[in-house]
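Notes to accompany the following structure.
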Amino acid sequence: MGIRARSLLAGVRLVAAVAVVTAACSPAGPATPAGAPASSGSPVQLKVWISGTPELDTAMNKILQQFQTENPNVTVTLEDFPFAQYYEKLTTAFAGGSGPDVYWIDIRTAEFAKRGALLPLDKYVTTEWTSDVIPVALQEGEWNGKRYSVPMHELANGIFVNKALFAQAGIAVPHDLKDAWTWSQLRDIGLKLTDRAGGTTTRWGFGSQRDIGDWVVLPYLGQNGAQPLSTDNKKASGSLDSPASIEALTYWGKLFTDDKIATASPAPDAFPTGSMAMIDAVSTYVIALQRNYPSFAYDIAPAPRNKQCAVMTGGFNAGINSATTQPDLSWKLVDYMTRVKHAQWTDESGYLPDRKSVVASGAKYKEQPWKLFLDELDQCGIHRPASSEYSFFADNFQAMAKDISGGADVKASVAKATSALDQRLAAAN
């Protein structure tokens with residue numbers, strides 16, 4: 001049940017216009033003519049690329065329309081691609097000397113910065129600008145001591161539970177970080193709520209909304225005081241293969257192998273249809289459940305903890321193409337998207353705000369489950385390695401995790417991944 005699986009077709013929308021054309025028919029390069037600052041009154045065009053759903057498309061279009069109203073000489077076109085195609089589209093465009101002026105970028109910021117496809121933003125992003133941002137949200141946008149992107153929004157994970165099943169079993173659901181289930185408690189609950197008949201599992205006790213990979217598994221390392229790479233992201237040995245990491249991966253793997261309370265390939269919508277009692281899911285899963293299963297009763301507990309709490313966070317950031325001919329205007333738009341309209345964006349998109357002022361002023365963020373997610377973000381948030389070799393890391397980590405969930409020897413799987421990562425990181429640095 002990968003959250004990134006989408007049927008949305010790539011398309012282009014000319015903001016504040018009726019016509020819609022296909023992505024293939026759009027101009028290839030940054031659409032901004034050189035030497036035409038917005039203040040001059042001369043027509044200026046900016047291209048924005050994102051990866052989202054139709055709902056996100058609508059929310060983003062609204063913001064871009066507002067920007068155009070305040071800057072009447074500026075026309076902004078929005079192109080939206082499915083996530084599975086998005087980074088390939090960006091890579092191809094930049095290799096050909098084209099691409100958008102402004103684009104969404106996630107933990108891959110360092111990769112694109114290393115390629116020269118992102119403009120350093122340090123001249124724009126002041127201490128005053130960052131002081132309003134929850135610290136963990138700033139981590140993905142830095143590389144080699146420079147800032148290349150700024151956060152659009154955030155995500156956090158919680159344990160979504162089937163309310164009826166938990167009530168029948170007499171299991172209380174915590175809502176505060178201090179009461180989060182321990183690893184042992186999570187396992188025991190999963191065992192209690194797993195049902196089997198004739199050798200077939202009819203209900204899994206636990207599962208994950210996202211496919212097995214770093215987003216799902218890294219929090220277990222964090223909860224045990226481990227991390228996958230060194231602090232400077234230059235090697236995996238000493239981190240991924242540490243005793244704390246091995247212990248975490250062993251616990252997680254046994255949920256699939258020895259305990260058999262989780263499956264690596266759950267049925268679509270297993271949780272809301274009753275064939276999974278608990279699911280580790282991102283905060284936007286609330287929106288999906290409300291939309292697709294409005295009568296399904298569920299509750300949300302904090303992510304589990306062992307030695308400490310750790311919750312995966314992240315989301316999209318906004319960056320600027322280093323080849324844009326309008327860097328100042330592009331930053332004006334990025335600032336508008338990420339700061340000026342941040343409250344509107346997070347409210348209409350369903351993502352978590354990363355700005356402290358928006359959290360403080362929003363009434364809904366004082367209510368559950370949003371308060372829980374934001375407490376996790378602020379107190380327990382971790383992030384994936386902000387390395388220029390992130391894609392290589394993610395592929396190798398995912399292969400290792402899938403092997404472990406399938407019963408492979410943990411130490412041998414970790415040793416294989418560690419060796420491959422050390423070689424790649426050494427060559428890159």
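Checked against (1) under 25 Å from A417 (Cα atoms); (2) under 17 Å from the mean Cα position of the chain (by Cα); (3) touching a residue at least 40 places away in the same chain (Cβ under 8 Å); (4) surrounded by fewer than 23 Cβ atoms within 10 Å (Cβ to Cβ), K307 passes all but condition (2). Scanning region 86-127 for residues that are within 20 Å of Y336 (Cβ to Cβ), in contact (Cβ under 8 Å) with a residue 60 or more places away in the chain, part of a loop (DSSP other than H, G, I, E, B) and among the aliphatic types (A, V, I, L, M) gives L118, L119, L121. On inspection, S322 passes the criterion of being surrounded by fewer than 19 Cβ atoms within 10 Å (Cβ to Cβ), farther than 22 Å from E376 by Cα, in the same structural domain as K364 (by TED's automatic domain parsing) and modelled with pLDDT of 95 or more.
Please determine whether any residue of region 168-182 is of a type in the set (S, T, Y), in contact with a helix residue (DSSP H, G or I) (Cβ under 6 Å, 6 or more places away or on another chain) and either at pLDDT 95 or above or outside any loop (DSSP other than H, G, I, E, B) (or both). The answer is no; no qualifying residue exists.
Could you tell me whether E79 is at pLDDT 90 or above, among the acidic types (D, E) and not in a helix (DSSP H, G or I)? Answer is yes for this residue. Figure legend. Inter-residue proximity from region 224-245: first residues under 20 Å from E111 (Cα atoms), second residues assigned to a loop (DSSP other than H, G, I, E, B) and at pLDDT below 95, beta-carbon distance below 7 Å, spacing 6+ or different chains. Indicated pairs: K234/N429. Only one entry in I300, I261, I287, I246 is part of a strand (DSSP E or B) and either among the hydrophobic types (A, V, I, L, M, F, W, C) or under 23 Å from the mean Cα position of the chain (by Cα) (or both), namely I300. If only residues of region 92-112 that are of a type in the set (S, T, Y) and closer than 20 Å to G314 by Cβ are counted, the one that is surrounded by the fewest Cβ atoms within 10 Å (Cβ to Cβ) is T109.
Determine whether region 243-250 contains at least one residue that is of a type outside the set (D, E, K, R) and in contact with a strand residue (DSSP E or B) (Cβ under 6 Å, 6 or more places away or on another chain). No, because not a single residue in region 243-250 is of a type outside the set (D, E, K, R) and in contact with a strand residue (DSSP E or B) (Cβ under 6 Å, 6 or more places away or on another chain). Being in contact (Cβ under 8 Å) with a residue 60 or more places away in the chain and in contact with a Lys or Arg (Cβ under 6 Å, 6 or more places away or on another chain) is a property that holds for D299.
Filtering A399, A394, A415 for residues that are surrounded by fewer than 20 Cβ atoms within 10 Å (Cβ to Cβ), assigned by TED's automatic domain parsing to the domain that holds Q290, more than 22 Å from the chain's Cα centre (by Cα) and assigned to a helix (DSSP H, G or I) leaves a single hit, A415. In region 371-429, the residue that is nearest to P304 (Cα to Cα) out of those that are touching a residue at least 40 places away in the same chain (Cβ under 8 Å) and of a type in the set (F, W, Y) is F373.
The values are calculated or read from the model by the stated rules, or taken from the named source; none is laboratory data. Keep in mind the model is a prediction, meaning the values are calculated, not measured. Because the Cβ atoms are built from the backbone with ideal geometry, glycine has one as well, and the counts that use them run over all protein chains shown.
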